[in-house]
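> Got a structure here, written out as structure tokens. Questions coming.
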Amino acid sequence: MKIAGVILAGGKSSRYGKPKMFETYKGKCFYEHSVDALKAHSLSPIVIVTNDDLFPSFKRNDVEFIIEHDTNAYQGPLFAMYQALSSIADADWFFVLSCDIPFVHSAFVEYMIRLTKDSEYDAIVPVQADQIHPLLALYHRRSLVTMKQLVDRNERKIRLFLDQIRVQTIPFSNEDSVFININHREDWLTYKQASQQTKEAHNEQSLTQRTEIFYKK
Ligand SMILES: Nc1nc2c(ncn2[C@@H]2O[C@H](COP(=O)(O)OP(=O)(O)OP(=O)(O)O)[C@@H](O)[C@H]2O)c(=O)[nH]1
């Protein structure tokens, strides 16, 4: 069974004010966190779906690109998914990730991939606190027929798509940060500060532990 990786990175980022896929976290662009989470499991191919305006700013040469030209650009995530699924001929499943999820990690990808074994569902989609996350999800080639019908009818709502296919929803705990997607710059500042504070608390704790060990000697 072959699984391809698809990263959607051709949105307008209008709420962010600049192309958010190139914002950095831990020395890597947001979109690279999605690439690397998929790469760890040798999915093949891994494609980034983007457009002519954004393409020159991507620096990775270890992935493939699907470029949405002219009127195909900025048509939304369902259309971008359709572009990818219809042009990757030999994959059974497609792991779709958005480009604005800097806390995504390979353990999440591994967990989801295991669920594809013998699956008869058309999609495997995580749910956290009653919120569905269709842009960190797996889609079977079977779902392409429905996707095409909707795209042809110019109906672009992912929710509508999910209502028409067989979806396995996978619950995740509220603590899991993997689903945090960044839409506004203020959100990113808040998350960065929170993550910094956690790191400092952790450093302080290990310093305290080290000190205790020192005094016990
Ligand atoms: N390739 C491609 N990706 C898209 C398109 N629209 C959205 N995406 C991606 O889908 C994911 C979710 O997009 P959103 O954050 O909802 O939309 P956005 O256009 O990026 O941002 P806003 O303009 O603020 O809504 C992101 O990874 C986007 O890059 C598109 O037309 N083409």
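The values are calculated or read from the model by the stated rules, or taken from the named source; none is laboratory data. Remember, it's a predicted structure, so these values are computed and weren't measured experimentally. Neighbour counts run over all protein chains shown; Cβ positions are idealised from the backbone, glycine included.
> For residue 120, all conditions in the list (1) without any contact (Cβ under 8 Å) to a residue 60 or more places away in the chain; (2) of a type in the set (Asp, Glu); (3) not in a loop (DSSP other than H, G, I, E, B) hold save one; what is the number of the exception?
Exception for residue 120: condition (3).
> Which residues, taken from region 33-52, are within 13 Å of the ligand (Cβ to nearest atom) and surrounded by 14 or more Cβ atoms within 10 Å (Cβ to Cβ)? Even if it seems obvious, please write down each step before you answer.
First, pick out the residues of region 33-52 that are within 13 Å of the ligand (Cβ to nearest atom): 33-35, 47-52.
Within region 33-52, 33, 34, 35, 47, 48, 49, 50, 51 qualify.
> Could I ask something else about it? Can you tell me which residues in region 68-110 are over 13 Å from residue 126 (Cβ atoms), polar (S, T, N, Q) and within 12 Å of the ligand (Cβ to nearest atom)?
Result: 71, 72, 75, 83.
> Moving on to the next point. Do we find a residue being part of a strand (DSSP E or B), modelled with pLDDT of 95 or more and among the charged types (D, E, K, R) anywhere in region 88-107?
Among the residues of region 88-107, not one is part of a strand (DSSP E or B), modelled with pLDDT of 95 or more and among the charged types (D, E, K, R), which makes the answer no.
> How about region 1-32: which of its residues are of a type in the set (D, E, K, R), surrounded by fewer than 23 Cβ atoms within 10 Å (Cβ to Cβ) and within 14 Å of the ligand (Cβ to nearest atom)?
Taking region 1-32 and keeping what is of a type in the set (D, E, K, R), we get 2, 12, 15, 18, 20, 23, 26, 28, 32.
Then keep just the ones that are surrounded by fewer than 23 Cβ atoms within 10 Å (Cβ to Cβ); that gives 2, 12, 15, 18, 23, 26, 28.
Across region 1-32, the qualifying residues are 12, 15, 18, 23.
> Restricting region 136-155 to residues that are touching a helix residue (DSSP H, G or I) at 6+ places or on another chain (Cβ under 8 Å) and either modelled with pLDDT under 95 or in a helix (DSSP H, G or I) (or both), which is surrounded by the fewest Cβ atoms within 10 Å (Cβ to Cβ)?
Taking the candidates together, the pick is 148.
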